[in-house]
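S.K.: Would you mind keeping the following structure in view while I ask a few things?
All of the numbers you see were taken from the coordinates with simple rules; none came from a lab. Just so it is clear, the model here is predicted, and its values are computed rather than measured. Because the Cβ atoms are built from the backbone with ideal geometry, glycine has one as well, and the counts that use them run over all protein chains shown.
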Amino acid sequence: MEPVRSIPEERGGPKRGLASLAEVKLTPERAAKLERALATNAGTLTWRRRKRRELEELLALEQIAPPGRFEVAAADLHSDLCAVLELGVAVPCRAGDDIAVVERAILGLRYPEEALRRPLPGAAFFQILMPRAVWLPSVRWPEQPLCLGTSLGPAIRVRALVLMAYGALSMQTVQVDETDSAGVFNTEAALWWQRNLDRVPLSRTPFLATDDDVRKPPRAIRRTT
Amino acid sequence: MSPRAESPRTAERASLREVTLPRKAAGARRAPIEARFPPFESVGGPPVAESIDRFAALRVAAVGAGSIGYAEIRAIARHQPAGITIIDPARIKPESLVTHDVLADSLGARKATLAGLAAKRISPGTEVFVFDGPIQALGEDALADIDVVLLASDNLAAEVHTGQVCINLGIPLIQASLHGEGLVVQVRAFENRAGSGPCPACAYGAAEWDHVARESEFRCAGAGGRPEEIRHVEPTVSTPALGMNAASLALVQLTRLVLGLGQSVVDTSVLYCGVSHRTMVWRLKRNSDCPCEHQRFTRVAAPRRVSELGIRDLAAAAGIGPDPLPADLTLAVDDLVFVEATVCCADEPRPVGRFFPEYAVVGSCAQCSATLHAEGFFACRQVSGRLVDADSTLGELGAGAARYVVLRAGDAAYFIH
């Protein structure tokens, strides 16, 4: 097993990881973004609190992520938790008989209140707005919903959905078996990727690391050589 | 984009079906209930005639018609209520003969239909409606006229959903359950007069929510990308006596609730354990972390069919409009989704601004001709009022078959139908 790499601490305070998202002190710009969204936060007290917590965590995730990895471009808490998210991630798109890898995706996230109390289909949360012609077994043309599994349990955290989306788009997690009982959204893409498994994943870079972090040998190995 | 004027799936929407009997059976005489009804006056209850009248006016829904629910339905039918609505998606299996009070010639029958026929035969004057599907498939209006719900489901998702609808509509809920190897039966009664009370999900811990998560999986094989839900429900392991015991206890609690006998049963749990031979009673408490929407809707009678109303009419009916409309106004129209826009070849989303059944065809892309469906980021059940054309009726916006609307503003919610 690969040793766990340490993550630089300069962004977002001393601790940097998903477990400490709630402790991240938002920068003034992000705090202002949060306040703007909270101005229209509506629903029952429980739901308002939950939407606030999720958006706070999304903004904290934006803050601790490497530059260009993740941005909350817009957020609306009027009814559902809605956000437009920009991800710095490798995304395969159809280009003739081959694929072109695009390094940026814009996702529409919609998290309804009912997700708190019942499982929803894996494609219930994200729609890929850009780029178009995404060539993945888990993405269906033309609406481009992104399927993250057969079922996503009640009250799943939005930060988990973002990481799952990152893994699915970069093909760090992928299901190309078109005969799987759960099915795939794009059978043609699944068959194409079965023939091109050597190109999977498109990136090995974890969400909270940079490409440079991945290229560097892990510290534990450096010490012993 | 060429949006369709009307929803194509309107005719397929889940709804209740009335049970009728063959002409000969339909002519059966009403049993003389007054000959056997106890005089509860001696324990502070109403006179016999009034007691019978209270049951005769009662409309009961039974969610679950299995080992407990089937016995409950037959028992409540003997009270000759005004109506019984039965909801269960399952069929009678060979092993059902071990726990259900049914005969072998019922194998393969739909439980809800079978229970409905039994109820109708017992009480021909009762209006009996059935739905052979999961309660989640029905709109909230299916329970709108119900006075009390009997819940006896082995499906936690159905339990959560039923509890949610009963909170929203302010319907008392009596839930019966059992634990086979412990010889335990439990009946919980939820008042739901205010949304602030407890619900079935309030008692859930991590194990129960994990169970809810594992009960459902979705396959993306349905038409138009509609996910097909596969439910994995663990069957009830029990003896028949335990199921009947739970049903009988639930009916005793119902009788106490309807006639106001003894100490109040609302928001209480009664548990009998056959192994320890003890009975326990305690008050149910609201869990402030419960993810259910603990809000009772204010019921509003629509001045006309809701499809003939616009957003201003709806706000006026609810007493929160029409001018100005509350800034935080949202509305959910029946089981429809509002499609704000579609995304395809164009750089910008193309506006739609209409209601559709979820996953229905919305139109086609003007550039690539791809068929576009009502799903994704720009489609939602609960839509902000500022996105809906205030000068059009819901019918003009695609919701011609809408049966009800839930309007929300501030801390209030209104059920208009």
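S.K.: If the reach is capped at under 17 angstrom between alpha carbons, list the aspartates and glutamates near A:Lys25, excluding any in the same chain fewer than eight residues apart.
M.R.: Leaving aside aspartates and glutamates fewer than 8 places away in the same chain, those within reach of A:Lys25 are A:Glu9, A:Glu10, A:Glu35, A:Glu54, A:Glu56, A:Glu57, A:Glu62, A:Glu71.
S.K.: Okay, next question. Between A:Leu55, A:Leu81, A:Leu45, find the one with the highest GNM mean-square fluctuation for chain A; connect C-alpha pairs within less than 10 Å.
M.R.: Of A:Leu55, A:Leu81, A:Leu45, the most mobile in the Gaussian network model is A:Leu45.
S.K.: A further question on this structure: Semi-axes of the equivalent ellipsoid of region A:108-178: what are they in whole Å, largest first, if each equals the square root of 5 times a C-alpha gyration tensor eigenvalue?
M.R.: In descending order, the three semi-axes are 20, 13, 11 Å.
S.K.: Could you compute how fast chain B diffuses translationally, taking Rh as the Kirkwood radius over C-alpha pairs and applying Stokes-Einstein at 4 °C with viscosity 1.567 mPa s? Give it in µm² per second.
M.R.: Numbers: Rh = 23.2 Å.
Stokes-Einstein gives a translational diffusion coefficient of 56 µm²/s.
S.K.: If I model a spin label as a point 7 Å beyond the Cα along the Cα-Cβ vector, how far apart are those points for B:Arg78 and B:Ser264 in nm?
M.R.: 3.0
S.K.: Now for a separate question. Please give the per residue volume of the convex hull enclosing the alpha carbon atoms of the protein assembly as shown, rounded to a whole number of Å³.
M.R.: Working: hull volume 125.2 nm³, N = 642.
Roughly 195 Å³ of hull volume per residue.
S.K.: What angle do you read, to the nearest 10 degrees and between 0 and 90, between the alpha-carbon axis of helix B:156-169 and the longest principal axis of chain B?
M.R.: 80
S.K.: Can you show me the helix-derived [θ] at 222 nm for chain B, built from DSSP H runs with n ≥ 4 at -39,500 (n - 2.57) apiece and divided by the number of residues, rounded to the nearest 500.
M.R.: The helix contribution divided over chain B gives -6500 deg cm²/dmol.
S.K.: Given Cβ point charges of +1 (Lys, Arg) and -1 (Asp, Glu) and nothing else, what value in debye, to the nearest 20, does the dipole of the protein assembly as shown about its Cα centre take?
M.R.: Details: 73 positive and 75 negative charges, 203 e Å.
It works out to roughly 980 debye.
S.K.: Let me ask you something else. If you rank A:Tyr111, B:Tyr404 by fewest surrounding Cβ atoms within 10 Å, what's the result? Please report the intermediate quantities before stating the final value.
M.R.: Details: A:Tyr111 23, B:Tyr404 19.
Fewest to most other Cβ atoms nearby, the residues stand as B:Tyr404, A:Tyr111.
S.K.: Please state the charge dipole magnitude for region B:104-223, taken about the Cα centre, from unit charges on C-beta atoms (+1 on K and R, -1 on D and E), reported in debye and rounded to the nearest 20.
M.R.: Working: 8 positive and 15 negative charges, 40 e Å.
Dipole about the Cα centre, nearest 20: 200 debye.
S.K.: Here is a follow-up. If you take each beta carbon of peptide B:106-117 and count the beta carbons of other chains within 10 angstrom, what is the mean?
M.R.: Numbers: counts 0, 0, 0, 0, 0, 0, 0, 0, 0, 0, 0, 0.
Neighbouring Cβ atoms belonging to other protein chains average 0 per residue here.
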